Amino acid sequence: MIYSFLEMSRAALLPWRAAANMTRRSLRNPLNPAGETLAGRAMAASADLFESLTRQYGKPAWALDPLVVEGHTIPVEIEAVWSKPFCNLLHFKRDAAALARARGVKRAGLNDPKVLLVAPMSGHFATLLRGTVEAFLPDADVYITDWSDARMVALHEGRFDLEDYTLYVRQMITAIGQGVHVVAVCQPGPPALAAISLMAQDADPMRPASMVFMGSPIDARKSPTVPNKLAEERPYSWFRDNLIQTVPVIYPGGLRRVYPGFLQLTGFINMNYERHVDAHYRYFNQLIDGDGDSADRHRAFYDEYLAVMDLTEEFYLQTIHDVFQEHKLARGLFTVQGRPVRPDAITDIALMTVEGENDDISGIGQTQAAHTLCTGIPDAMRLDHVQPEVGHYGVFNGRRFREEIAPKMKAFMAEHRGRGR
């Protein structure tokens, strides 16, 4: 019902959005003298703000910054190398010949590490990791999981739950090939660790060289945050009865039961409501003052932040139950297709954990718990890093990530490349 009401509201706002767009374009026309007055700038800013707050944000484009190596621009092609209904595995294919020329080496001598970024399936699209991709592209052969918006997946494609997610991760690791370094950002920590554990249990020759978990709820009992407490305080039935909606038939996934992205976004915004209000107030004043650079940064952030995707009912509810209420992986109770998952079976895959000092989503200790579970990994193949003065987003993006966290990750991968093979 809420989903359908939202779609009707969007339709009802279309004439108002058209009027707002016409107003701001008219007032920003250099031939319109009214646009240079304070009243004109304020009216244009109001129209711009109204348009941005009522827009339906679609899946963002990758729009990566140009890859420059040693002063040479390297072409990058994004291609899907593995595909299933709920995910595409994207490869950021760099021009090998151009990269070799830039480095002054033979093409066969590149031998860059393969890095799989397992993006979170928790409301936002994989493009949220754009900065993470850009940080690794100069030195690595980068792949990323591009999870599908559930409202765009037809019902006949079937279900998709947490176990399916785990199996998808294993299949993608296998598709990339030996020696890959797996980086799980936030939500995928538990299923990625489960997938790698199963590969270790099977002595799978395609198991990765290393695994890095960043701000992940491996054990959500450690330093519980507001989202963790909400999941524990509310019964499972509350999430099932209050947060699951039916996709309207105007979408390809019509009639699929989902946890809508707009509900998750509402939760994110409410956690820092005043901060978002202040940001939009500053944006309004930046538009009036003609501060185009600051306004563009605001738009770039919120174009990404407000673009959200739906999660299937079964994936969301199983995650709530298994990860945040029953803590199955941490308690040794997690299973996939009836098979117990045993992180202690991992013996030759290096482990790194990264946490943010001010993370309000995954508290300190939740990611470090991977070290406690993976008892078979030698100490020489472990690294735990807590980054000072960053929150959840800063763990995988921003200046401190680029300058401090990413270099440590690259050094860790270089040290443990191919170990145990």
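Whole-Å semi-axes of region 71-119's equivalent ellipsoid, largest first, each the root of 5 times a Cα gyration tensor eigenvalue? Please report the intermediate quantities before stating the final value.
Working: eigenvalues 138, 25, 15 Å².
Taking √(5λ) for each Cα gyration eigenvalue gives 26, 11, 9 Å.
Convex hull volume of the C-alpha atoms in region 1-108, normalised per residue: 173 Å³. Modelled spin labels at residue 339 and residue 54, positioned 7 Å past Cα toward Cβ, are 5.3 nm from each other.
Could you list the trypsin sites (Lys or Arg not before Pro) in region 310-412 that lie in coil according to DSSP, counting only those with at most 14 other Cβ atoms within 10 Å of their Cβ?
Of the trypsin sites (Lys or Arg not before Pro), the ones in loops of region 310-412 whose Cβ has at most 14 other Cβ atoms within 10 Å are 331.
The helix-only estimate of mean residue ellipticity at 222 nm for the chain, built from DSSP H runs of length n ≥ 4 each weighted as -39500 (n - 2.57), is -12000 deg cm²/dmol after division by the residue total.
Taking square-rooted eigenvalues a ≥ b ≥ c of the alpha carbon gyration tensor, is region 114-237 rounded, prolate or oblate, where a/c under 1.5 means rounded and, failing that, a/b exceeding b/c means prolate? Because its axes are fairly even, with a/c under 1.5, region 114-237 counts as rounded. Geometric descriptor of region 16-56, per residue, is 52 Å³ (volume of the convex hull of the Cα atoms). Of the DSSP H helices in the chain, those that are both long (alpha-carbon extent of 15 Å or more along the helix axis) and hydrophobic (Kyte-Doolittle mean at least -1.0) are 2-27, 38-54, 162-176, 189-201, 261-271.
Cβ crowding within 10 Å, taken as a proxy for footprinting-reagent exposure, orders 258, 341 from fewest neighbours to most as 341, 258.
Once the chain from residue 364 to residue 100 is taken as fully extended at 0.36 nm per residue, the excess over their C-alpha distance is 90.9 nm.
Semi-axis lengths, largest first, of the ellipsoid equivalent to the chain are 38, 28, 20 Å, with √(5λ) applied to each eigenvalue of the Cα gyration tensor. Divided by 2.2 N^0.38 Å, where N counts the residues, the Cα radius of gyration of region 248-288 comes to 1.75. Could you tally the net charge around residue 310, taking each other residue with its Cβ under 11 Å from the Cβ of residue 310, Lys/Arg +1 and Asp/Glu -1? Charge balance near residue 310 sits at +1. Between residue 5 and residue 175, the modelled labels are 4.0 nm apart [label points 7 Å from Cα along Cα→Cβ]. Computed over region 233-369, the Cα gyration tensor eigenvalues convert (square root of 5λ each) into semi-axes of 35, 24, 15 Å, ordered from largest to smallest.
Could you list log10 I(q)/I(0) for region 171-321 at q = 0.09, 0.10, 0.11 Å⁻¹, which the Debye formula gives when each Cα is one point scatterer? Summing over Cα pairs of region 171-321 leads to -0.46, -0.56, -0.67. When +1 charges are put on Lys and Arg Cβ atoms and -1 charges on Asp and Glu Cβ atoms, the dipole computed for the chain relative to its Cα centre reaches about 620 debye.
Readers should treat all values here as calculations from the given coordinates under stated rules, not as data from a laboratory. These figures come from a predicted structure and were not determined experimentally. Every residue, glycine among them, receives a Cβ derived from its backbone with ideal geometry; neighbour counts consider all protein chains shown.
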